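What follows is a short report on a single structure.
The values are calculated or read from the model by the stated rules, or taken from the named source; none is laboratory data. Nothing here was measured: the structure is a model prediction, and the numbers come from that model. Positions of Cβ are backbone-derived with ideal geometry, glycine not excepted, and every protein chain shown enters the neighbour counts.
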Amino acid sequence: MKRIIAGFFVLVCLAPVVPAIASEAFIFDIPTRGNTQQETGEAKALLGLSAAPAGAQLVVNGSTTLNLGDTMTIAGDAVSFTAGTGNSVFIDYKPLSNFSGDFCTAVGAVEKQIPMRFVGAQDVVDYRMVTYIVGAPNAECSKVSKHTGDMPAFLTPNDDGVAPALVADFKGRLPYDVALVLDKSGSMSEFPPGANAGPTKADYLKTAIQAFVGNWQLMDAPNPPTDNENDRLAVVFFDSTAASQTMAAADPPANIFLKRSNNWQTVINTANGLTPGSSTSIGAGINEAMSQWKSDPKNDLSLVVVTDGKQNTNPLIQPTASGFLGLAPVAGFPQELRQRFVPINTIGFGAPAMVDEDLLSNIGLQTSGVSYLDITASTMFDVFANTLIALLKGNTASLGRRIHDTMTGTGPGPLQNVQVDRSPRRVVYSLQWAPPANQVLDLDVYRPGASAPSSPSATKKLPQTTIKSFDLTGREANLGTWGVRVKRAPKSDTTQVPYTLNVFFVEGHLDYQLSLDRFKAYAGEKIGVRAVIDWDGKKLSGLPPGSVRARLFAQSQALGTILHDVRMDTSRLPTVHAGDPQSALDLKLAAFKGDSLLARIALKEAASVVLDEESPGVYSGFYDQTSIPGQYAFEIVLDWNTERTGRVHREERIEQIVNIRADRTKTEITSKMAANGLWTITVVPRDRFGNYFGPGYDQLITARLLTRGGLRSPHPTDPNQTGTYSFVVADVPKGETPQLDIVVDGVNLSQRRE
């Protein structure tokens, strides 16, 4: 199997006569991925033409001709040939014969090598491709929606005896549409968890958006300038309602999605207009972004949703009858998020229980997105960097190194090493620090063996970000150890400045995909991580032991237990701010002084996990000491030195929420009758390890009365916010004790005596 790499040209002899009808032949190749649940379900090629596509045809397998607009079934597969925007045509190929029943069942999948011939008065001058797989096999298998760069489809020029081999430039991926859905509720005017002064959460968010946009601009910068000019960004703000932000030069008629070619600085300026308002409607933000895109669906859409709180305003995202999350249908999108086939990436900015981490995690899991919890401001830049890498995975982007440090004194800081191998086409150094310090830091980058700073291919400076990119022409001269040094910008004072330095690679040969083994995990269950690694489109097998490993980070204490043990009179706690409604639990969380709560739930390194090769190019490992519910994180390191690849070093992070499950033998249920005849039945749920659920589970605990009387409400109250839940039963006949059928987050704890 051969793969066409960007920049590869096929040389042909010039014919003495140019025919009126041009033909160019190629093989449309879809390799197998070796994963029966995630085989390629669709591949698209966009052929750029020398003129408008009128009259063009596609001949498949040498005998079947498709005219523009045709869709046919050929050898059990679906093939479409349609006009694209401007001078272009789309080939859409679905290898349906590889699947049985749905796109998660491909036991007998085989590589597809389909002979094709373009026929028309036009020449094919370039092409782009994108490959799709099922992103959430445990949630939805009826359609593929996730871009992948792992074992992608490709074209091979091929003289078929009728037409000469295709001569065209490979331009990489198809364009992306990304909507930034940003929380502007009243709580965004607060300080981040653990801080009592300084920038607000809204300030940090604006700075993170600056870096996100700037990093994408330089990481994926067009080269030549027309390569990715049709990527588009949109900005949606939400509090109690949602509002798309119009931008000058954005695509009409809505003027919401702005092309890269029309200057993404406008996106940064728009995000800087975020002003905290009232309550929180995450569902409204998602629906607004999707409905705006539906009216102008030029490219595949992904969402990045950032929130610091819990939804408290309609439309709410809630489980449907199927158990999967749903939202009020909008603009032709169905109720269930998984069936909208739009990846939703979520970032929770706040301590657990302040944000609905379970909701955000499930949104990502069910829609093929990623989910990160950013507990403190110091890691806000990290989660946006991780999200950007996830968005561009099919391109492919990766992280070569991440450094957290503080600039002290006059500087500069120490020289840091960055290992650059033969895969990257571009290296981007991105330096970020907290607001309001404006352009206080800079950096010098040294190519291997250089004694003086090297000149970047491009530079972008923002108030709290400096980004420098380096195109790796003359590849061999760039292999080896680069150096990077953080320094103070001219006229910067000597104030201490904490910073984050991310080093991004835009890959040319290496691609890898990370995934979690469990769709939903509970305390006591082992959690696993898997890495699928390719080099030039072929599985990279036989890596030395320990080449793929992870540092596992976990909480040492369960938040529910902490909140159960800490008693506060929530009725006497002050309101933190106006705007976003505050529950009693919000007030209790806000009452912890400084970082006294964060210090107890912060992730700490708990283990080292080696990912062993389970099949060619597939590496996996697991951790089985999950007795504490909460946030877990695998920080994956890929590090090896082989003859085929040279020295390679990459870093990436993937997170999982480990849930708590009630246990009947550990849960305390008591009944007590008051003088007025009312009965109170109290439930204090715990899991088999003795972890308390804590407060905040009111709507996930239900009861049904099994005996005579009247149950005041199917949901309990927790007045002291400790996870001590009470049901009230009235009109109980004298001499009887009421019994309830109690369900705690899906686990039945019935009181009925056998």
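G326 falls short on exactly one of the conditions (1) farther than 22 Å from K146 by Cβ; (2) free of Cβ contacts under 8 Å to residues at least 24 places away in the same chain; (3) not acidic (D, E), and that condition is (1).
Hey, can you tell me all the residues within region 684-718 that are surrounded by 16 or more Cβ atoms within 10 Å (Cβ to Cβ) and assigned to a strand (DSSP E or B)? V684, R686, Y692, I701, T702, A703, L705, L711, listed by residue number.
Given the criteria under 28 Å from S281 (Cβ atoms) and either of a type in the set (V, I, T) or under 12 Å from the mean Cα position of the chain (by Cα) (or both), does A353 qualify? Give the steps one after another, and end with the answer.
Values: under 28 Å from S281 (Cβ atoms): yes; either of a type in the set (V, I, T) or under 12 Å from the mean Cα position of the chain (by Cα) (or both): no.
When the stated conditions are applied, A353 does not pass them.
So is R518 closer than 29 Å to V609 by Cβ and not aliphatic (A, V, I, L, M) or not? When the stated conditions are applied, R518 passes them. The residue of region 643-680 that is modelled with the highest pLDDT, among those that are out of contact with any strand residue (DSSP E or B) (no Cβ under 8 Å at 6 or more places or on another chain) and polar (S, T, N, Q), is T665.
Of all residues in region 668-683, which are on the phi < 0 side of the Ramachandran plot, touching a residue at least 40 places away in the same chain (Cβ under 8 Å) and surrounded by fewer than 19 Cβ atoms within 10 Å (Cβ to Cβ)?
In the first step, residues of region 668-683 are kept if they are on the phi < 0 side of the Ramachandran plot; the result is 668-676, 678-683.
Right, trim to touching a residue at least 40 places away in the same chain (Cβ under 8 Å) and you get 669, 671, 673, 678-683.
Within region 668-683, I669, S671, M673, L678, T680, T682 meet the criteria.
Within region 508-546, being surrounded by 22 or more Cβ atoms within 10 Å (Cβ to Cβ) and of a type outside the set (A, V, I, L, M) holds for D511, Y512, Q513, D534. Against the definition (aliphatic (A, V, I, L, M) and assigned to a loop (DSSP other than H, G, I, E, B)), how does I268 come out, yes or no? No.
Among K206, K201, K184, which is the only one that is in contact with a Gly (Cβ under 6 Å, 6 or more places away or on another chain), outside the structural domain of R128 (by TED's automatic domain parsing) and among the basic types (K, R)? Steps first, please.
On the way: K206 fails: in contact with a Gly (Cβ under 6 Å, 6 or more places away or on another chain); K201 fails: in contact with a Gly (Cβ under 6 Å, 6 or more places away or on another chain).
The conditions single out K184.
Tallying residues that are closer than 18 Å to A139 by Cβ and surrounded by 19 or more Cβ atoms within 10 Å (Cβ to Cβ) within region 302-323 yields 4. Taking region 406-438 as the range and being assigned to a loop (DSSP other than H, G, I, E, B) and touching a helix residue (DSSP H, G or I) at 6+ places or on another chain (Cβ under 8 Å) as the test, the residues that pass are R422, A434, P435, P436. At least 2 residues being under 30 Å from V305 (Cβ atoms) and in contact with a strand residue (DSSP E or B) (Cβ under 8 Å, 6 or more places away or on another chain) is the threshold, and among the strands (runs of 3 or more DSSP E) wholly inside region 94-179 those reaching it are 124-133. Whether any residue in region 472-491 is crowded, with 16+ Cβ neighbours inside 10 Å and closer than 23 Å to V267 by Cβ is what I want to check. The answer is no, given that none of the residues of region 472-491 is crowded, with 16+ Cβ neighbours inside 10 Å and closer than 23 Å to V267 by Cβ.
So which residues in region 383-407 are farther than 25 Å from R173 by Cβ and surrounded by fewer than 21 Cβ atoms within 10 Å (Cβ to Cβ)? Outline the logic, then answer.
To start, the set of residues in region 383-407 that are farther than 25 Å from R173 by Cβ comprises 403-407.
If the condition is that a residue be farther than 25 Å from R173 by Cβ and surrounded by fewer than 21 Cβ atoms within 10 Å (Cβ to Cβ), then I403, H404, D405, T406 are the ones that fit.
If I filter region 154-167 for residues that are within 21 Å of the chain's Cα centre (by Cα) and either farther than 29 Å from A254 by Cβ or surrounded by fewer than 23 Cβ atoms within 10 Å (Cβ to Cβ) (or both), do I get at least one hit? No - not one qualifying residue is present in region 154-167. When the residues of region 188-210 are filtered to those that are of a type in the set (G, A, S) and in a helix (DSSP H, G or I), which remaining residue is surrounded by the fewest Cβ atoms within 10 Å (Cβ to Cβ)? Among those residues, the one meeting the criterion is S189.
Scanning region 621-666 for residues that are hydroxyl-bearing (S, T, Y), buried (at least 19 other Cβ atoms within 10 Å of the Cβ) and more than 23 Å from A385 (Cα to Cα) turns up Y623, T626. Taken together, the criteria exclude L182 from residues that are within 22 Å of the chain's Cα centre (by Cα) and under 19 Å from I30 (Cβ atoms). Listed by first and then second residue, the pairs linking a residue in region 291-306 that is assigned to a helix (DSSP H, G or I) to a residue that is among the acidic types (D, E), with Cβ atoms under 9 Å apart and 6 or more places separating them unless they lie on different chains, are W293/D177.
Condition check: in contact with a strand residue (DSSP E or B) (Cβ under 8 Å, 6 or more places away or on another chain), in contact (Cβ under 8 Å) with a residue 24 or more places away in the chain and crowded, with 16+ Cβ neighbours inside 10 Å. Does S608 satisfy that?
Numbers: in contact with a strand residue (DSSP E or B) (Cβ under 8 Å, 6 or more places away or on another chain): yes; in contact (Cβ under 8 Å) with a residue 24 or more places away in the chain: yes; crowded, with 16+ Cβ neighbours inside 10 Å: no.
The answer is no for S608.
Regarding region 451-459, can at least one residue be identified that is over 20 Å from E651 (Cβ atoms), buried (at least 20 other Cβ atoms within 10 Å of the Cβ), within 30 Å of the chain's Cα centre (by Cα) and free of Cβ contacts under 8 Å to residues at least 40 places away in the same chain? No, region 451-459 has no match at all.
Residues that are modelled with pLDDT of 95 or more, surrounded by fewer than 19 Cβ atoms within 10 Å (Cβ to Cβ) and more than 13 Å from K487 (Cα to Cα) within region 429-447 comprise just one, Y446.
Looking only at region 95-139, residues that are under 23 Å from S515 (Cβ atoms) and either surrounded by 16 or more Cβ atoms within 10 Å (Cβ to Cβ) or of a type in the set (V, I, T) (or both) come to 19 in all. Exactly one residue out of D123, D92 is under 33 Å from the mean Cα position of the chain (by Cα) and of a type in the set (D, E, K, R), and it is D92. Among the residues making up region 623-654, those that are part of a strand (DSSP E or B) and more than 13 Å from A531 (Cβ to Cβ) are Y623, G630, Q631, Y632, A633, N641, T642, G646, R647, H649.
Taking T473, is it of a type in the set (S, T, N, Q) and in contact (Cβ under 8 Å) with a residue 12 or more places away in the chain?
On the way: of a type in the set (S, T, N, Q): yes; in contact (Cβ under 8 Å) with a residue 12 or more places away in the chain: no.
Spelling it out, it is not the case that T473 is of a type in the set (S, T, N, Q) and in contact (Cβ under 8 Å) with a residue 12 or more places away in the chain.
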